[in-house]
1. Yes or no: the stretch 29-37 includes at least one residue that is touching a Cys at 6+ places or on another chain (Cβ under 6 Å) and among the aromatic types (F, W, Y).
2. Would you pick out the residues in the stretch 31-45 that are open to solvent by 90 Å² or more (accessible area, probe 1.4 Å) and touching an Asp or Glu at 6+ places or on another chain (Cβ under 6 Å)?
3. Count, please, the residues in the stretch 52-110 that happen to be more than 14 Å from the chain's Cα centre (by Cα) and polar (S, T, N, Q).
4. I need the full set of residues from the stretch 51-64 which are touching a residue at least 24 places away in the same chain (Cβ under 8 Å) and open to solvent by 20 Å² or more (accessible area, probe 1.4 Å), in order please.
5. If I ask for residues that are assigned to a helix (DSSP H, G or I) and either hydrophobic (A, V, I, L, M, F, W, C) or touching a His at 6+ places or on another chain (Cβ under 6 Å) (or both), which ones from the stretch 22-41 would you list?
6. Please work out which one of (1) among the aliphatic types (A, V, I, L, M); (2) buried (at least 18 other Cβ atoms within 10 Å of the Cβ); (3) farther than 16 Å from L10 by Cα is the condition M48 fails and give its number.
7. Give the residues of the stretch 51-80 that are in a strand (DSSP E or B) and either of a type in the set (A, V, I, L, M, F, W, C) or at positive phi (or both), sorted by residue number.
8. With respect to E44, is the statement that it is in a strand (DSSP E or B) and touching a residue at least 40 places away in the same chain (Cβ under 8 Å) true?
Amino acid sequence: MERSKPYLFLYFDGHLSEDDTMEAILKIISLFKECKGKTTMVWECTRMTGYDEESREMWQEFMKDIRTRLEEVHLISRNVLIRVGGSVVGMFAGMKITTWSSIEEFRTKH
């Protein structure tokens, strides 16, 4: 992992609701106001159990809006449904989301 470029790690735990998604989006917007250039975003979802359909749709729209601010997006989870959901978000937003089974795999191969 390159230490010189900016990374934004998002940790998802449990079930992602619409309220959780809105809170995350507002925090990310605030962080982006302070950050220049492109950022690599990492979604650490190993403890995520699922998400609301509306939450995924909100996330898709948000990712589409900020895709020009992102260098890369990585999703970490062993859960196939979470990984597929992340790939759907990426397809809708017009960007590739790389999936990893564990944080260790991401750290050693990225």
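The values are calculated or read from the model by the stated rules, or taken from the named source; none is laboratory data. From a predicted model like this one, the values you see are computed outputs, not experimental measurements. Note that each Cβ is placed from the backbone with ideal geometry, even for glycine, and that neighbours are counted across all protein chains shown. For accessibility, only protein heavy atoms count, side chains too; no ligands or nucleic acids. Shrake-Rupley method; radii C 1.70, N 1.55, O 1.52, S 1.80 Å.
1. Step one: list which residues in the stretch 29-37 are touching a Cys at 6+ places or on another chain (Cβ under 6 Å), which gives none.
Within the stretch 29-37, not a single residue is touching a Cys at 6+ places or on another chain (Cβ under 6 Å) and among the aromatic types (F, W, Y).
2. K38
3. 5
4. Here is the first cut: in the stretch 51-64, the residues touching a residue at least 24 places away in the same chain (Cβ under 8 Å) are 51-52, 54-56, 58-60, 62-64.
Once the filter is applied, which keeps residues that are touching a residue at least 24 places away in the same chain (Cβ under 8 Å) and open to solvent by 20 Å² or more (accessible area, probe 1.4 Å), the stretch 51-64 yields Y51, D52, E54, R56, M58, K64.
5. Going through the stretch 22-41, the residues assigned to a helix (DSSP H, G or I) turn out to be 22-34.
Result: M22, A24, I25, L26, I28, I29, L31, F32.
6. Unmet for M48, out of (1) among the aliphatic types (A, V, I, L, M); (2) buried (at least 18 other Cβ atoms within 10 Å of the Cβ); (3) farther than 16 Å from L10 by Cα: (3).
7. Residues satisfying the conditions are L70, V73, L75, I76.
8. Yes; evaluated as a whole, the condition is true for this residue.
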